[in-house]
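The values are calculated or read from the model by the stated rules, or taken from the named source; none is laboratory data. For clarity, every value in this text was computed on a predicted model and none was experimentally measured. Every residue, glycine as well, gets a Cβ built from its backbone with ideal geometry; the counts of neighbours run over all protein chains shown. SASA here: full protein model, heavy atoms, side chains in, ligands and nucleic acids out. Shrake-Rupley method; radii C 1.70, N 1.55, O 1.52, S 1.80 Å.
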Amino acid sequence: MSSIIRIAGFALVLAAASLPARAAGDILIGNVASTTNPTARENSTNLILGYTIYFEQVNRAGGIHGRKLKLVNKDDGVVVDKMVAATAELIADPNVLALAGFLNTAGLVEIIKRNMLPEKGIAMIAPIGPMSSPNFYPMRPGYNDEADALLRETVQTEKKRVAMVYYQQAFGPGVFKHAEESAKKLGVNIVATASFETAPEKMEPGIGAAAQKLSAAKPDAVIIVAAGAGAFNFVKQFRQTSGGTAQLYTLSPADAFGFVKVAGLESARGVVISQAVPYPGNKRLAVIREYHKAMSQLAAGQPLSFYSVEGFMGAKIVVEALRRAGPNPTRAKVIAALNTMKDYDLGDFLVSYTPTSRSGSKTVDLTIIGGTGRLFW
């Protein structure tokens, strides 16, 4: 399933259909992120919104060397084989000059294993996940960096009994394995671990069993390596157990809005969430001030979120690379342009790409859901 994503007035239009006719000369950027999978839907929609409003802003100002820029989204349902197939379809379209904002860690790992991007000479810009590979140009720290920050927080706050739970999808197993190894190095006492599946018929009973298992270990902290409905429902069910007063920590894919909506305010309050991109309300950063202005003009009424910030910032990298690539950009010229972006400032937020080094930010912030559901940092 594919769609061209664009802003129509204030509404975000997600047209679930095959590619429609497009104006000659449009520059297309390929994206794979699921707007239907319950664990990814909200994050993907916000991510796409961020890309869309920045591209629309550029288009209204004349485009890239006079050409319009559009995001082409394909929904993989967070299934590895579907992401691989969707990526192959995007690469097969010569008008797709780069890929950006992919959300499905396991799928990205498979793309790397198959060497799909170097073989076709196309760049992957700002993927959502801990990817380090040829033709990948990251923007955020990886999920492993976030897990390490949460583990260090348990040490600093003298948590004596820490439990961990992960979902068996996307980044879950890999980050959980990394966190287990990091916990040993940091001296974190892991007293129990559990996992759950995300298939609709298995997720709820799996979460219930995991919540009861961890509660029985009487932890004073639980690290949740999950996203979307999985993370939200685990918190809801764990809070109802006898050990439900433990401090809860989770990663950036689990956003505060979803926690309050699904788990309820009482369950969500006090959950600590690591963040790999700037806080949406931090107007001390130039990029956030720019994001606020674009949201008010093109997406009024839409809530501010980390994922729309991330999409907005990823779009800025795409646009700068296309500008540097010149009036007749090709995939090779986009890669060459990216490799000139050493210490490029997105607005008080640096990324750095050269022919020999490609690195995004290494900063991980911790935030907490307050008593009113508002996120504090």
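So in region 87-101, with the set limited to residues that are more than 18 Å from the chain's Cα centre (by Cα) and part of a helix (DSSP H, G or I), which one is surrounded by the fewest Cβ atoms within 10 Å (Cβ to Cβ)?
My answer is A92.
Quick check on region 288-310: of everything there that is touching a strand residue (DSSP E or B) at 6+ places or on another chain (Cβ under 9 Å) and outside any loop (DSSP other than H, G, I, E, B), which residue is most open to solvent (accessible area, probe 1.4 Å)?
Among those residues, the one meeting the criterion is F306.
Quick one: in region 227-241, of everything that is at pLDDT 95 or above and part of a loop (DSSP other than H, G, I, E, B), which residue is surrounded by the most Cβ atoms within 10 Å (Cβ to Cβ)?
Step by step, filter region 227-241, then rank; the result is T241.
Step by step: first the residues of region 42-65, then only those that are in a loop (DSSP other than H, G, I, E, B) and at pLDDT 95 or above, then the one that is least open to solvent (accessible area, probe 1.4 Å). Which residue is that?
G63
Against the condition modelled with pLDDT of 95 or more, surrounded by 22 or more Cβ atoms within 10 Å (Cβ to Cβ) and either farther than 27 Å from S352 by Cα or hydroxyl-bearing (S, T, Y) (or both), how does Y167 come out, does it pass?
Here the answer is yes, as Y167 does meet what is asked.
In region 114-223, which helices (runs of 4 or more DSSP H) lie fully inside it and hold 2 or more residues that are of a type in the set (K, R), farther than 30 Å from Y344 by Cβ and out of contact with any Phe, Trp or Tyr (no Cβ under 7 Å at 6 or more places or on another chain)?
172-186, 200-216
Just checking, which of T372, T363 is open to solvent by 20 Å² or more (accessible area, probe 1.4 Å), at pLDDT below 95 and within 20 Å of F257 (Cβ to Cβ)?
Just a single option satisfies the conditions, and that option is T372.
In region 154-166, which residues are in contact with a strand residue (DSSP E or B) (Cβ under 6 Å, 6 or more places away or on another chain) and either more than 14 Å from H178 (Cα to Cα) or of a type outside the set (A, V, I, L, M, F, W, C) (or both)?
Once the filter is applied, which keeps residues that are in contact with a strand residue (DSSP E or B) (Cβ under 6 Å, 6 or more places away or on another chain) and either more than 14 Å from H178 (Cα to Cα) or of a type outside the set (A, V, I, L, M, F, W, C) (or both), region 154-166 yields T154, K159, R161, V162, A163, Y166.
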